[in-house]
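What follows is one structure encoded as structure tokens, with my remarks underneath.
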Amino acid sequence: MKIGIVEDEAVWRDKIQAVIEKYCRDKNISFQINSYGSGKEFMKNADADLLFLDIELAAGEDGFQTAEQLMQYGNKCKICFLTSHTELARSGYKVNAFRYIDKKHLEEVSEALDSFLKTKMQDRIIFCNDTSGARIGINLKELLLVETYGRKLRYLMLDGRERFCEGKISEAARSLSPFGFSQIHRSYIVNLKYIEKVHSHEVTLCNGLKIVIGRARSEAFKKEFFRWRMRFDN
């Protein structure tokens, strides 16, 4: 995760960076932080997944102007505005601000990071070989579950589409586990994001489908699901 900080006052740059570093280390998240004293300096590279951008910069610079330039260039990084004057936040709708953080409450930085990771965790495509041997991509944001299907794996998407691929479910479970998926039964891997209810012996997914929880996996799954909800659920 690449994080940028644009703040003209060194003391605030250091404080914000310290909060981010602690968060990422506590969560065991790989990160890279680059700090800048001005929007112009950042725009020379404009390389960040998440940007903490001061609204009121030195030398008459305006953080909103930097954000507008990013939009014009098609840059997709998320922007968290930093301000000591929360009334300025009202102008942020023009640049699709991700968060507004009051400098007097830097604990809000951790909440912003939590929310950002929630949106990005499954923002990726995995590849597998289908039954004809063709290599296909599967968008994790759209993947509801994986199940064994004879000697193949069935990937069921949110919209009901199916993909049948080569592979072992144990290997699929290991590769999907870091991205919010859990093998709750020897034959099923489910997307934790789309679990609506957890019952004593089964889960109900967002489409109403009920999946049995394997007896041997029940305790580990429920702990994993609880950690997921604590970290990512609103």
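Here are the numbers:
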{"item": "Search result, residues across the stretch 211-234 that are surrounded by fewer than 11 Cβ atoms within 10 Å (Cβ to Cβ) and either at pLDDT 95 or above or aliphatic (A, V, I, L, M) (or both)", "result": "216, 230"}
{"item": "Any pair with Cβ under 8 angstrom, 6 or more apart, that starts in the stretch 119-134 at a residue that is over 19 Å from residue 149 (Cβ atoms) and ends at one that is surrounded by 11 or more Cβ atoms within 10 Å (Cβ to Cβ) and among the β-branched types (Val, Ile, Thr)", "result": "125/138"}
{"item": "Residue list for the stretch 106-163, restricted to those being charged (D, E, K, R) and farther than 30 Å from residue 23 by Cβ", "result": "130, 135, 147, 151, 152, 154, 159, 161, 162, 163"}
{"item": "Residue within the stretch 97-108 that is at pLDDT 95 or above, aliphatic (A, V, I, L, M) and in contact with a Phe, Trp or Tyr (Cβ under 9 Å, 6 or more places away or on another chain) present", "result": "no"}
{"item": "Single condition residue 3 does not satisfy, out of (1) among the aliphatic types (A, V, I, L, M); (2) in contact with a helix residue (DSSP H, G or I) (Cβ under 8 Å, 6 or more places away or on another chain); (3) in a loop (DSSP other than H, G, I, E, B)", "result": "(3)"}
{"item": "Test: residue in the stretch 118-125 that is at pLDDT 90 or above, surrounded by fewer than 17 Cβ atoms within 10 Å (Cβ to Cβ) and part of a helix (DSSP H, G or I)", "result": "no"}
{"item": "Output for the stretch 19-42, where each listed residue is farther than 20 Å from residue 8 by Cβ, in contact with an Asp or Glu (Cβ under 8 Å, 6 or more places away or on another chain) and surrounded by 17 or more Cβ atoms within 10 Å (Cβ to Cβ)", "result": "none"}
{"item": "Unique residue being surrounded by 15 or more Cβ atoms within 10 Å (Cβ to Cβ), outside any helix (DSSP H, G or I) and on the phi > 0 side of the Ramachandran plot when the list is 208, 167, 160, 133", "result": "167"}
{"item": "Failed item, numbered, when residue 110 is tested on (1) closer than 22 Å to residue 75 by Cα; (2) surrounded by 13 or more Cβ atoms within 10 Å (Cβ to Cβ); (3) under 17 Å from the mean Cα position of the chain (by Cα)", "result": "(1)"}
{"item": "Residue within the stretch 140-153 that is β-branched (Val, Ile, Thr), exposed (fewer than 15 other Cβ atoms within 10 Å of the Cβ) and without any contact (Cβ under 8 Å) to a residue 60 or more places away in the chain present", "result": "no"}
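The values are calculated or read from the model by the stated rules, or taken from the named source; none is laboratory data. As the structure is a prediction and not an experimental result, all values here were calculated from the model. Virtual Cβ from ideal backbone geometry, glycine too; neighbours counted across all protein chains shown.
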